[in-house]
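Take a look at the structure set out below.
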Amino acid sequence: FKRLQKEGVKWVAPSFILQMASSEIPEKRIGYIVTRKIGSAVTRNRVRRRLREAVRHVFPAQITEGQDYILLARENALTQNFSELEKYLLWSLRHVQRLDREKQDRNKPTTDKMHVCKVLARIIPDL
């Protein structure tokens, strides 16, 4: 969980916070965090079951192997309409995947065009 919080990207929805990070393990891993702030053990288990069911409906077609996900439940997760919960989950998943792609693109080394022109000018003096 610590690695995801440090290296991953996140998206905040009304009923949960979705965090994602790339993993070297070729599996789909999903973690659920439901704190005592949500309520009693019975309430926390109910919220966890609702989130698992929403993930079961939304995630299989949307996620790829080699990604780790954490769903951190918020207080609204218990009372929110289930179809809205699924909608927010799909919305959040798409945003987190986009943010992860952008983060990976930023970390890739880019070729500076001016640097390439200077190197070519030294190699081919007629430029």
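Below, the figures for the structure above:
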item: Cα Rg over Rh - region 1-69, Kirkwood; result: 0.98
item: Residue 7 accessible area, assembled protein chains, probe 1.4 Å, Å²; result: 100 Å²
item: Length-normalised contact order of region 5-105 in % [C-alpha pairs under 8 Å, at least 6 apart]; result: 42 percent
item: Equivalent ellipsoid dimensions for region 53-108 as semi-axes, Å, which come from the Cα gyration tensor, largest first; result: 24, 12, 10
item: Peptides 68-76, 27-35 ordered by average Cβ neighbours within 10 Å, highest first; result: 68-76, 27-35
item: Within the accessible area of region 46-97 (1.4 Å probe), percent carbon and sulfur; result: 47 percent
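The values are calculated or read from the model by the stated rules, or taken from the named source; none is laboratory data. No experiment lies behind these values; they were computed from the predicted model shown. Reconstructed Cβ throughout: ideal geometry from the backbone, glycine too, with neighbour counts over all protein chains shown. Calculation scope for accessible area: heavy atoms of the full protein, side chains included, ligands and nucleic acids excluded. Shrake-Rupley method; radii C 1.70, N 1.55, O 1.52, S 1.80 Å.
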